[in-house]
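The values are calculated or read from the model by the stated rules, or taken from the named source; none is laboratory data. Because the structure is a prediction, the values reported are computed rather than measured. Cβ sites come from the backbone with ideal geometry, for glycine too, and all protein chains shown count toward neighbours. Accessible surface is based on the protein model in full, side chains and every heavy atom, while ligands, DNA and RNA are left aside. Shrake-Rupley method; radii C 1.70, N 1.55, O 1.52, S 1.80 Å.
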Amino acid sequence: MTRAQRPRVRDDLHVVELDGEAVVYDEATGDLHHLNAVATVVLDLCDGSATAREVAQDVAAAFDEAPPDVERHVRRCIREFRSVGLLERSGGDRRG
Amino acid sequence: MGETTIGIRTTSPAFGAWLDRALGAYRTETAADPEYSIVIDEGAGRGRRFNVLYQGVGVVSRALDPGVVARSLLTELEARLLHERDDAVYIHYGLAMSGATTALIPAWLVSYLAGTGRRLSRAGITLPVARWVRLDTGSGVATPLPRVLEVPGDVIHQVPGAAPDSGDAYDDLSEARPVDAVVTYVEGMDTIAGGSRSRAAYHLAERTANLRTLGGSAMAVLGGVVERAHCFETGLGRPQQMLAALEAVFQHEKTHALVEENA
């Protein structure tokens, strides 16, 4: 059985939230990222406790949007976070 | 400076002699292509012309007073040493002023607006000599840049042909000032409008010389600055349009201050 991934944001990132959006500074790489409102909520929810589907459900509730549409956006967000190294590589990403 | 050799050239023998006095501690026999060029108006033609500091082919500073250009050059050289400092946050922006109101503007805009000449003065706007701003890590207010280069104490007052009463709309920050507005450039915008604080913080962070040195503490300072300031975005093109946009920013700030005062 495959265990669903539970994305977790690295806790060594510097995040400044302003008016619902965020600026993320990754000291390890020197990279800066600007997150819009939806991406900021997704980032906040990626704490290792929820699957991408569960995160999408929470985001849908927060923005009063239809869950299937949101899930696509949330998964894309999470893929983007992963590609730029904002998520931890271990822990929430185990498959069984 | 350090392990870097910087070539500087000028059209004026007198200014060249001043450079030798000012930067004598850094002179080297190692040759380098000129990175900075200073064109000095020595009065050969009719009327007054601007003195200009170039970095490569880009204008850094343009003023009737060669003293402004000299101070600008020293600041540009000192900026190369800012990335290692941890006493404040140093950003590659300029602090424009109109009376007591301040606005952070992109560094390139300082040189860009210098070409508007007397329109600046008529608009009541003062441009900074320095294209760098020092933000106090505790309060986030803008404070005067420290003198980092080893130059003879009074050399800045010995620039040949210096004319502080020439009418240039430049000034150095002489005391701590809070940042009232942050202006960032967004390509393609055809107006000026209130902008996102987070995008403003992102742009400031991108231009922070010592971000790697300070890390998260710099981010906290920048977050505080944009939280307290009004943030604007503009993408207008010609210098006169950019000046009009900056005038609108200062007018907004002054009106806002008046409203708060009377509330």
In this structure, does A:Val38 turn out to be open to solvent by less than 80 Å² (accessible area, probe 1.4 Å), more than 8 Å from chain B (Cβ to nearest Cβ), touching a residue at least 12 places away in the same chain (Cβ under 8 Å) and assigned to a strand (DSSP E or B)? no
Residues of segment B:17-35 satisfying the condition of being open to solvent by 80 Å² or more (accessible area, probe 1.4 Å) and in contact with a strand residue (DSSP E or B) (Cβ under 9 Å, 6 or more places away or on another chain): B:Ala31, B:Asp33
Pull up segment B:211-225, narrow it to residues that are crowded, with 19+ Cβ neighbours inside 10 Å and touching a strand residue (DSSP E or B) at 6+ places or on another chain (Cβ under 6 Å), then point me to the one that is farthest from the other protein chains (Cβ to nearest Cβ). B:Val221
Being in contact with a strand residue (DSSP E or B) (Cβ under 6 Å, 6 or more places away or on another chain) and at pLDDT 90 or above, is that true of even one residue in segment B:148-158? no
State yes or no: is B:Glu233 touching a strand residue (DSSP E or B) at 6+ places or on another chain (Cβ under 8 Å), buried (at least 18 other Cβ atoms within 10 Å of the Cβ) and in a strand (DSSP E or B)? yes
Answer yes if at least one residue in segment B:179-187 is at pLDDT 90 or above, under 30 Å from B:Val39 (Cβ atoms) and within 12 Å of chain A (Cβ to nearest Cβ), and no otherwise. no
Give me the residue from segment B:246-263 that is surrounded by fewer than 21 Cβ atoms within 10 Å (Cβ to Cβ) and either of a type in the set (Gly, Ala, Ser) or in contact (Cβ under 8 Å) with a residue 24 or more places away in the chain (or both) and, out of that set, farthest from the other protein chains (Cβ to nearest Cβ). B:Glu247
